[in-house]
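J.: Okay, handing you the structure first.
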Amino acid sequence: MINSIEFELNLDPFEAFLSFPQKEGLILLESSGFDSSDLRISYLFFEPLKIVFLRDEKLHEICNGREKVIEGDPLDYLKFLLTKEHNSSTNKFYGGLVGYFSYDFGRRFENIKSNKKSITNLPELFFGLYTKCLIYNHRINKWEYRTSPANEENLNKNLEELNRKFLVNKKLGSTINKSFPVINLKSNYTYEEYIKSVIRAKYYIREGDIYQVNLTQQFYGTTNIPATEIYGRVRKVNPAPYSAIMYLGNNQYVLSSSPELFLKVDDGYVTTKPIKGTIRRGENADKDELLKKQLLNSEKDAAELTMIVDLERNDLNRVCETGSVDVKYLKKVETFASVHHLVSEIVGKLKNDCDVFDLIKASFPGGSITGAPKIRAMQIIEELEPNNRGVYTGAIGYIGFNDHSEFNIAIRTISYDNGLLSIGLGGGIVADSVPELEYQETLQKGKSIFEALGAVLE
């Protein structure tokens with residue numbers, strides 16, 4: 001039985017995050033801006049028992065202030081950490097591993113080497129191990145404190161301590177209305193270089209190497225604005241169902257406002273919802289509806305999405321029971337703050353001898369941000385993109401002690417490294433892609449984040 005208690009707190013999830021000391025491993029997984037019953041829960045994690053991160057091919061563990069290097073496979077070690085507290089007898093999530101896999105971590109599954117550098121110096125993998133969390137239900141505006149069954153006797157005592165030390169029951173001063181100094185952002189491509197890369201990608205498509213590839217440019221710049229203020233602005237302008245702010249220590253943060261679900265596992269059932277196809281919002285309701293219909297009827301976007309659905313089905317079939325993988329719907333328009341997206345949903349049932357870690361090995365990185373076939377697309381990404389992607393297009397989320405798991409695709413995501421920002425923006429290149437329009441689509445996807453930052457593109 002999971003120990004939980006509801007309590008009153010006059011703070012929203014981000015305000016609660018700000019009320020905690022900014023210590024390594026403080027993480028908020030926030031759901032906002034999308035009206036669905038299963039997307040209205042936010043999780044706040046604090047005081048991890050351990051932190052595990054991968055940097056320069058070395059896996060590090062921090063426990064009780066002491067750091068050591070761990071030998072062996074990173075996923076195997078993460079799985080080992082879960083075994084001590086494993087509890088599949090409950091469907092209530094109360095803790096587990098919370099963090100991210102960078103896109104670059106996924107190259108090891110397909111044996112794709114890279115000699116390139118990331119713009120920021122964030123870890124390739126970062127997870128905390130948590131046996132407690134705060135949960136906010138947006139629909140009923142209720143907070144809940146959950147903890148391990150082993151902490152039953154201390155449940156009320158711990159909650160009292162939290163309220164006394166951190167959770168000041170009043171609204172914090174908002175930063176989102178402050179005027180930001182201008183942030184100058186520069187792409188890691190010139191316009192001409194990006195156009196040439198799209199043309200080169202189309203060459204590979206004509207030659208039969210791939211059907212499509214996701215090509216990314218990264219915008220970067222420096223600022224004195226704290227990462228928490230940036231996230232506050234972004235979540236206001238671009239609320240998203242799979243948002244996150246993570247403090248990694250040493251003034252390094254991950255700030256995400258992702259609309260895309262990579263993987264969800266609940267009682268052995270897997271869901272993935274790839275996005276392919278984007279169009280801007282309209283100036284009024286009539287125009288908005290016309291744009292939605294335009295996206296839904298786009299042959300190019302439908303073709304892109306169908307290719308990725310086939311790829312995702314193949315990935316799931318590697319670890320799911322025969323006949324269980326199904327396309328719940330092939331294409332549906334979902335609406336967000338600044339854009340409409342075309343989305344599919346694929347489901348399956350994990351084999352009895354497979355777990356979340358097997359699923360990650362089989363499906364990461366997500367097909368929507370690589371291309372198809374995946375391995376060749378990733379090789380072409382390595383050839384054409386100037387820098388490693390880092391956290392961008394990786395996955396942020398959690399693996400619970402109760403086998404429940406959920407990860408986003410880390411798009412609309414900012415890597416923050418001591419004031420150095422990196423923002424990745426990309427799109428799928430197919431045979432009939434128009435290079436100039438593909439470039440403009442990447443800018444459209446970043447519009448809300450650029451506006452939130454008050455950014456000027458050089």
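The values are calculated or read from the model by the stated rules, or taken from the named source; none is laboratory data. Everything numeric here is computed off the predicted structure, so don't read it as measured data. Here the Cβ positions follow ideal geometry from the backbone for every residue, glycine too, while neighbour counts run over all protein chains shown.
J.: In the stretch 83-103, what count of residues is obtained for those that are over 19 Å from Gly249 (Cβ atoms) and not in a strand (DSSP E or B)?
T.: Just the residues of the stretch 83-103 that are over 19 Å from Gly249 (Cβ atoms), to begin with: 83-96, 103.
Subset that is not in a strand (DSSP E or B): 83-95, 103.
Final tally of qualifying residues: 14.
J.: Taking the stated definitions as given, is Asp315 assigned to a helix (DSSP H, G or I), under 23 Å from Ile396 (Cβ atoms) and modelled with pLDDT of 95 or more?
T.: Working: assigned to a helix (DSSP H, G or I): yes; under 23 Å from Ile396 (Cβ atoms): yes; modelled with pLDDT of 95 or more: yes.
So Asp315 fits the description; yes.
J.: Still on this structure, please answer the following. Among the listed residues Gly366, Gly323, which satisfies the condition of being modelled with pLDDT of 95 or more and under 17 Å from the mean Cα position of the chain (by Cα)? Walk me through it before giving the result.
T.: On the way: Gly323 fails: under 17 Å from the mean Cα position of the chain (by Cα).
After applying the criteria, what remains is Gly366.
J.: Condition first: hydrophobic (A, V, I, L, M, F, W, C), modelled with pLDDT of 95 or more and closer than 24 Å to Ile205 by Cβ. Can you find one or more residues in the stretch 332-342 that meet it? If you could, list the steps in order and put the result at the bottom.
T.: Residues of the stretch 332-342 hydrophobic (A, V, I, L, M, F, W, C): 333, 336-337, 339, 342.
This time we only want the ones that are modelled with pLDDT of 95 or more, so: none.
For the stretch 332-342, residues hydrophobic (A, V, I, L, M, F, W, C), modelled with pLDDT of 95 or more and closer than 24 Å to Ile205 by Cβ: absent.
J.: Further question on the same structure: What is the residue count in the stretch 338-353 for residues that are surrounded by 19 or more Cβ atoms within 10 Å (Cβ to Cβ) and closer than 30 Å to Arg281 by Cβ?
T.: 7
Conditions (1) modelled with pLDDT of 95 or more; (2) not in a helix (DSSP H, G or I), marked per residue:
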residue: Asp35; (1), (2): no, yes
residue: Asp38; (1), (2): no, no
residue: Leu44; (1), (2): yes, yes
residue: Ile51; (1), (2): yes, yes
residue: Val69; (1), (2): yes, yes
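J.: Collect the residues in the stretch 408-451 that are without any contact (Cβ under 8 Å) to a residue 24 or more places away in the chain and part of a strand (DSSP E or B), keeping them in residue-number order.
T.: Here is the first cut: in the stretch 408-451, the residues without any contact (Cβ under 8 Å) to a residue 24 or more places away in the chain are 434, 437, 440, 443.
None; the set is empty.
J.: Which numbered condition in (1) among the aromatic types (Phe, Trp, Tyr); (2) assigned to a loop (DSSP other than H, G, I, E, B); (3) surrounded by fewer than 14 Cβ atoms within 10 Å (Cβ to Cβ) is the only one that Phe80 fails?
T.: Of the numbered conditions (1) among the aromatic types (Phe, Trp, Tyr); (2) assigned to a loop (DSSP other than H, G, I, E, B); (3) surrounded by fewer than 14 Cβ atoms within 10 Å (Cβ to Cβ), the odd one out for Phe80 is (2).
J.: Let me ask something else. Closer than 25 Å to Ser42 by Cβ, modelled with pLDDT under 95 and of a type outside the set (Phe, Trp, Tyr) - does that describe any residue in the stretch 92-107?
T.: Checked against the condition, which is being closer than 25 Å to Ser42 by Cβ, modelled with pLDDT under 95 and of a type outside the set (Phe, Trp, Tyr), the stretch 92-107 yields at least one hit.
J.: Look at the stretch 242-279 and say how many of its residues are touching a strand residue (DSSP E or B) at 6+ places or on another chain (Cβ under 8 Å) and either outside any strand (DSSP E or B) or among the polar types (S, T, N, Q) (or both).
T.: Matching residues across the stretch 242-279 total 13.
Residues checked against (1) under 30 Å from Gly268 (Cβ atoms); (2) buried (at least 22 other Cβ atoms within 10 Å of the Cβ):
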| site | (1), (2) |
| --- | --- |
| Gly366 | yes, yes |
| Ile380 | no, yes |
| His404 | yes, no |
| Asn418 | no, no |
| Glu436 | no, no |
| Leu443 | no, no |
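J.: Those residues that are in contact with a helix residue (DSSP H, G or I) (Cβ under 8 Å, 6 or more places away or on another chain) and assigned to a loop (DSSP other than H, G, I, E, B), I need them from the stretch 328-350; list them, please.
T.: Matches in the stretch 328-350: Ala337, Ser338.
J.: Is it the case that some residue within the stretch 216-228 is out of contact with any Lys or Arg (no Cβ under 7 Å at 6 or more places or on another chain) and assigned to a helix (DSSP H, G or I)?
T.: Within the stretch 216-228, one or more residues are out of contact with any Lys or Arg (no Cβ under 7 Å at 6 or more places or on another chain) and assigned to a helix (DSSP H, G or I).
J.: Here's a follow-up. Does Pro373 qualify as being under 24 Å from Lys276 (Cβ atoms), out of contact with any strand residue (DSSP E or B) (no Cβ under 8 Å at 6 or more places or on another chain) and modelled with pLDDT of 95 or more? I'd like the intermediate steps shown before the answer.
T.: On the way: under 24 Å from Lys276 (Cβ atoms): yes; out of contact with any strand residue (DSSP E or B) (no Cβ under 8 Å at 6 or more places or on another chain): yes; modelled with pLDDT of 95 or more: yes.
Spelling it out, Pro373 is indeed under 24 Å from Lys276 (Cβ atoms), out of contact with any strand residue (DSSP E or B) (no Cβ under 8 Å at 6 or more places or on another chain) and modelled with pLDDT of 95 or more.
J.: Oh, and also: Any chance you could count how many residues in the stretch 174-228 are among the charged types (D, E, K, R), surrounded by fewer than 15 Cβ atoms within 10 Å (Cβ to Cβ) and either modelled with pLDDT of 95 or more or under 22 Å from the mean Cα position of the chain (by Cα) (or both)? Can you show your working first?
T.: First, the residues of the stretch 174-228 that are among the charged types (D, E, K, R): 178, 186, 192-193, 196, 200, 202, 206-207, 209.
With the extra rule that they be surrounded by fewer than 15 Cβ atoms within 10 Å (Cβ to Cβ), the set shrinks to 178, 186, 192-193, 196, 206-207.
Filter once more, so that each one left must be either modelled with pLDDT of 95 or more or under 22 Å from the mean Cα position of the chain (by Cα) (or both): 186, 192-193, 196, 206-207.
Qualifying residue count, the stretch 174-228: 6.
J.: Got at least one residue in the stretch 379-386 being farther than 30 Å from Glu85 by Cβ, at pLDDT 95 or above, over 15 Å from the mean Cα position of the chain (by Cα) and assigned to a loop (DSSP other than H, G, I, E, B)?
T.: Of all residues in the stretch 379-386, those farther than 30 Å from Glu85 by Cβ come to 379-386.
Still in the running and at pLDDT 95 or above: 379-386.
Checking the rest, the ones that are also over 15 Å from the mean Cα position of the chain (by Cα) come to 379-386.
Narrowing the set further to residues that are assigned to a loop (DSSP other than H, G, I, E, B) leaves 385-386.
Yes - at least one qualifying residue is present in the stretch 379-386.
J.: Quick one: would you say Ile396 is part of a strand (DSSP E or B), modelled with pLDDT of 95 or more and crowded, with 24+ Cβ neighbours inside 10 Å?
T.: yes
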